[in-house]
Amino acid sequence: MQQLRDRRIAVTPQRLAVMAVLSSRRDHPSADHIYQEVRRQLPAISFNTVYKTLEILCQQGMVIKVNPLHAVARYDGETGRHAHLICRLCHQIIDLDWEGSEVPALPAEVLQGFKIEHPSLTFWGLCPGCQPSESHEEDPHGDISRTGVSL
């Protein structure tokens, strides 16, 4: 409640329920998964209310939207410094503790005046469950191994 009040966001049962779901999960659920879970507690809640709540929480820095360039955005209630491991096949997202390291600093001339507000570090690759299924196949981009880093 205090986090909402500190950011001058109205405290509602719906917002508290969405926040409770996110704080109890580490699997980066989609808006639909969050909606289904909140609906158990608040049967009359609409998907639109859940989605708008997630967007407000993202705008206020209370939730991170992890959009792995797939059809569905995923949400992360952990806003502390950490990186993400994303499997390019099953789309699993795993938090990677990044406390001990800094996100690489970018030189001012590269930024072209852009002010970074939230640096993000993402590693793409194959999770252990997907590695055997694609031993030598190429992905649609022609890369055998598409593990990379995006900032």
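How far apart, in nanometres, would the label points at Q3 and K65 be if each is projected 7 angstrom from Cα along the Cα-to-Cβ direction?
My value for the distance between the label points is 1.8 nm.
For region 29-41, just list the computed ³J(HN,Hα) in residue order, Karplus coefficients 6.51, -1.76 and 1.60, θ = phi - 60°, integers in Hz, with x standing in for Gly and Pro.
Rounded to whole hertz, the list is x, 7, 4, 5, 5, 5, 4, 4, 6, 5, 4, 5, 8.
Using modelled backbone amide H atoms (1.01 Å from N, in-plane), which distant-in-sequence or interchain residues come within less than 5 Å of V66's amide H?
Residues meeting the amide H criterion: R74, Y75, D76.
How much length is gained on full extension from R26 to A73, taking 0.36 nm per residue of separation minus their Cα-Cα distance? Walk me through the intermediate numbers first.
On the way: separation 47, 0.36 × 47 = 16.92 nm, distance 1.49 nm.
Length difference between fully extended and current span is 15.4 nm.
Between F47 and C130, what is the spin-label point distance in nm, taking each point 7 Å from the Cα along the Cα→C-beta axis?
Distance between label points: 2.4 nm.
Beta carbons within 10 angstrom, averaged per residue: use that to sort the peptides 104-116, 1-13, highest first.
Answer by packing, highest mean first, reads 1-13, 104-116.
If you place +1 on the Cβ of every Lys and Arg, -1 on the Cβ of every Asp and Glu, and leave all else neutral, what size is the dipole of region 1-127 about its Cα centre, to the nearest 20 Debye?
On the way: 14 positive and 13 negative charges, 112 e Å.
The dipole of region 1-127 has a size of about 540 debye.
Since every read-out is calculated from the coordinates, none of them should be taken as a lab result. Not measured: the values here are computed from a predicted model. Note that we place each Cβ from the backbone using ideal geometry, even for glycine, and neighbour counts take in every protein chain shown.
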